[in-house]
Amino acid sequence: MPARCQPQLRDRNADFVRRFTAKQRAAHDDQIAKQAKALTADQHAAFRKQLGMVHFLPPAYADATKINIVGILRKWKRYCTFNRFQDWRDAAKDATRATAISFLEYLCQTYRITTWGTSWQYFRQYKQLYASVTGRYMDTNDAKEIKKWHDAILVARYKLRAPNILGKDVANVDTLLVLLTFNIRYDTGVLPWEGHRIQLPGCYLGLALTGARPAEFVDGETKTGKDEYTKEILSQIAATSIPCDEDEAPDEDSRLLERMILQELEGRGRPKALCYEDILLMIVCHPETGEDILAMYIKLAHHKGMDNKPRPTIFYFTPTRRLIFCFITIIVSLAVRDRAFAVSKFTSVREIFQAKNRGPVKCTALRWKEEWLKRPVFRQYDEPIVEGESDEGEPDEGEPDEREYLPLPYYRLLYDMERQSLDAGEEKKIEPKAWRRGAANAADGKASDAVRDQIMRHDPKWVTFNSAYINEKVGFHLQNVVLDEPTEDSLLAMLSHIGLMRDPRASKDMVPDEVWELLPPDPVIEALREERARLKGNRYRIKGSEHEGRIRELTKLIATKEQQRKKAVQRGYRKDYFYNRPTWDMEADGEEEEEYVEPAVDLQIPERAQLAEILCNQPENLSSAELLELRIQAAELMVILCSKRETARPDRTRRRAQAQADVTVKEESPGPDPFPLLMDRKQCPRCIGDEALSYKERTFRYCRPAVMYDHFDRKHAQQLGGVKRMLCNHPKCKQGALEFKHLNHFKNHVESVHGIKLRA
């Protein structure tokens, strides 16, 4: 008689049976759906007839290629309008070699093209557009003649330089340390939420330690263009490539091939970014010390060209001695924040870092919850999401808001990396390719060429590393080798990487006020302002006026021109500063040198200050137990920091605190009633109850009520209108759990109880 199973084991067996039967049922349903899509004999006959008449089928272009074709299509339409062509389709079908040359000439004179690589790339996209519209490929002889004209005439006429002639920056560990330190300790920029300050070093470390492209960690897909490609290109191919008898009405069978061409591909069910299913955390028994440590591997599969030649690559990570470089700590912190672990007791980082192997196994995998497998690790929160609240003030259980799981967009990572690198004093902005080149050059020589190409996902037969990634600054001390003297390897390593000219006194916006005062007005902007003033005719309100459309267009154009001018001045002044500063310093030889004072660390969020102290001032020679405890403390602070955010720049808060010393209350000693029920009419009634903010930000007073009204309408009103249950989050109102039916009901409560009258 078989032994009875323990209750826990019996539950596991029942759970397996339940999951197995569900999987079998899903497979059966898929098989039935596949059979339903099968063609009948009559449909096969119609299908063969249509295929026999088709002369061109759309190529299997990648999404990026489709978007590029749509981009060149827009330029082609502008070209046709400029030349007064009747229809862009007819113009493309009648295009000749001369038309292509004229189109390239138009592109160079209309758009800001500086390299011949860009101009030739436009021609390659034009050939794809030509083939898609006309149903035939461009003549090879015509393409060769256009290539001759491009190289011999167009390049010289518009002074197009060679691609990458300005150099390729290569980052190293020193650059990485500067950026990580600045992010956590010195950055005064306000991020959408402080969890993003934890995500950024995760992205930096991921790029630097794997050599991957940023689109493998964040969302690099362009959102526009694919629908337009289907509408403009595929529909054109379907209409022209499938002839039909005009006398017969098209039936379902005759439109079979057209539907196949225009059908939408099924989604992947996940974004092209790093998701939890790509990560595996493991408790591994170290083969030398015998200790159980936390290890991790990341599988990167969404690389460039993955649709044609997939090369999934797995990278392993182990805990580092320097906590600021520990990628595992960041991933664990983000996973604890998300409650993504399948183990129910893994709700704190201490439980995870102190976990041990059980039984005779040497490796234990830490699994994720099923619903988190296809969700991205690095996500965006451009606006705080307000959910329905229960009586206890906790979010209601229900359908998750998909906005919470949108991947971090590439442009956001690019902007933050550029801003932080310039504010940290780098001469040039650091771009993601600098980390990829740095990883490739670090592996070169230490790993075999085969392993290096595997890391970079390169095909060995093309020698891509030597042609595109090798550091143009020779890191070998050839001079001393020839002279038979000791080599200066550390000095050469510093000289051959980005960050050599870093000046911590520089920042992204370092233009003095005097320069702005002396700068003459821009004549183009002044002309636009004069035109707008003439059209307005000294009237403030323009709604319903004769020139309303033009006035609004001018207003947007003036704002764009002003922003472009501001950025141009900032870039120009910064470039002038780095070029002339060495000369100024040398000419000042003999004068008393102004002592550089390191910027004071004045962080508004206490958890961030504690984390910066741990990561930037880590003691040396810690034992394994001490290092583990410090790692746990850092990870716990990261989890707490993910729930914090800032709403105002710290320097602005400090300036206002000095100007309004009579109303500022210290956070350490807020007084007998830190959050009075009757509020100042310049305070925000929602921010005062946001526990993610510091005390200063919760009690912040705007300069006048109208500014606070704008803030409330922009940040809170629209979100409150979409919640399931609306509550007042004021610390004193939370206890009563007052519930409101609509936004006006809430505004009436704010006016009658808190003394703040909001806009109707």
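The values are calculated or read from the model by the stated rules, or taken from the named source; none is laboratory data. Everything quoted here is computed from the prediction, not taken from an experiment. When we count neighbours, we look across all protein chains shown, and the Cβ atoms used for this are built from the backbone with ideal geometry, even at glycine. Just the protein is used for accessible areas: all its heavy atoms, side chains included, with ligands, DNA and RNA removed. Shrake-Rupley method; radii C 1.70, N 1.55, O 1.52, S 1.80 Å.
Got at least one residue in the range 306-324 being basic (Lys, Arg) and either closer than 20 Å to residue 356 by Cβ or under 21 Å from the mean Cα position of the chain (by Cα) (or both)? No, that holds for no residue. Here the helices (runs of 4 or more DSSP H) wholly within the range 432-532 that include at least 3 residues being under 29 Å from the mean Cα position of the chain (by Cα) and in contact (Cβ under 8 Å) with a residue 60 or more places away in the chain are 432-443, 449-456.
Only one of these is open to solvent by less than 70 Å² (accessible area, probe 1.4 Å) and within 30 Å of the chain's Cα centre (by Cα): 111, 130. Name it. From the options 111, 130, the qualifying one is 111. From the list 47, 20, the lone residue that is open to solvent by 80 Å² or more (accessible area, probe 1.4 Å) and either of a type in the set (A, V, I, L, M, F, W, C) or over 30 Å from residue 303 (Cβ atoms) (or both) is 20.
For the range 143-180, the tally of residues that are assigned to a helix (DSSP H, G or I) and surrounded by fewer than 12 Cβ atoms within 10 Å (Cβ to Cβ) stands at 5.
Quick check on the range 588-604. Is at least one of its residues modelled with pLDDT of 85 or more, surrounded by 10 or more Cβ atoms within 10 Å (Cβ to Cβ) and of a type in the set (Asp, Glu)? For the range 588-604, residues modelled with pLDDT of 85 or more, surrounded by 10 or more Cβ atoms within 10 Å (Cβ to Cβ) and of a type in the set (Asp, Glu): absent.
Identify all residues within the range 580-605 that are more than 40 Å from the chain's Cα centre (by Cα) and not in a loop (DSSP other than H, G, I, E, B); write none if there are none. Across the range 580-605, the qualifying residues are 586, 587. Any chance the range 342-351 includes a residue that's closer than 20 Å to residue 198 by Cβ, of a type in the set (Val, Ile, Thr) and either open to solvent by less than 20 Å² (accessible area, probe 1.4 Å) or assigned to a loop (DSSP other than H, G, I, E, B) (or both)? Within the range 342-351, one or more residues are closer than 20 Å to residue 198 by Cβ, of a type in the set (Val, Ile, Thr) and either open to solvent by less than 20 Å² (accessible area, probe 1.4 Å) or assigned to a loop (DSSP other than H, G, I, E, B) (or both).
Listed conditions (1) out of contact with any His (no Cβ under 9 Å at 6 or more places or on another chain); (2) closer than 30 Å to residue 566 by Cβ; (3) open to solvent by less than 90 Å² (accessible area, probe 1.4 Å) are all met by residue 502, apart from (3).
For the condition touching a strand residue (DSSP E or B) at 6+ places or on another chain (Cβ under 8 Å) and at positive phi, residue 452 does not qualify. Applying the criterion of being within 11 Å of residue 353 (Cβ to Cβ) and of a type outside the set (A, V, I, L, M, F, W, C) to the residues of the range 622-640, the residue that is least open to solvent (accessible area, probe 1.4 Å) is 631. For residue 510, indicate whether it is open to solvent by 50 Å² or more (accessible area, probe 1.4 Å) and closer than 24 Å to residue 418 by Cβ. Spelling it out, it is not the case that residue 510 is open to solvent by 50 Å² or more (accessible area, probe 1.4 Å) and closer than 24 Å to residue 418 by Cβ. Quick check on the range 689-708: of everything there that is open to solvent by 40 Å² or more (accessible area, probe 1.4 Å) and part of a loop (DSSP other than H, G, I, E, B), which residue is modelled with the lowest pLDDT? Ranking the candidates gives 691 first.
Residues in the range 296-335 that are in contact with a Pro (Cβ under 8 Å, 6 or more places away or on another chain), open to solvent by 10 Å² or more (accessible area, probe 1.4 Å) and part of a strand (DSSP E or B): 299 only. Might you let me know whether the range 537-552 holds any residue that is assigned to a helix (DSSP H, G or I), among the aliphatic types (A, V, I, L, M) and closer than 30 Å to residue 425 by Cα? No. Picking from residues in the range 61-87 that are of a type in the set (Phe, Trp, Tyr) and crowded, with 18+ Cβ neighbours inside 10 Å, the one that is farthest from the chain's Cα centre (by Cα) is 79. Within the range 417-471, work out how many residues are touching a Gly at 6+ places or on another chain (Cβ under 7 Å), closer than 30 Å to residue 599 by Cβ and either among the aliphatic types (A, V, I, L, M) or surrounded by fewer than 20 Cβ atoms within 10 Å (Cβ to Cβ) (or both). Residues meeting the conditions: 1.
Does any residue of the range 669-688 turn out to be more than 20 Å from residue 646 (Cα to Cα), open to solvent by 40 Å² or more (accessible area, probe 1.4 Å), assigned to a loop (DSSP other than H, G, I, E, B) and among the basic types (Lys, Arg)? Yes, there is a match, as at least one residue in the range 669-688 is more than 20 Å from residue 646 (Cα to Cα), open to solvent by 40 Å² or more (accessible area, probe 1.4 Å), assigned to a loop (DSSP other than H, G, I, E, B) and among the basic types (Lys, Arg). Only residues that are of a type in the set (A, V, I, L, M, F, W, C), part of a helix (DSSP H, G or I) and more than 37 Å from the chain's Cα centre (by Cα): list them for the range 712-755, please. Across the range 712-755, the qualifying residues are 750, 753. If the condition is being within 21 Å of residue 434 (Cβ to Cβ) and open to solvent by less than 100 Å² (accessible area, probe 1.4 Å), then the range 475-490 contributes 475, 490.
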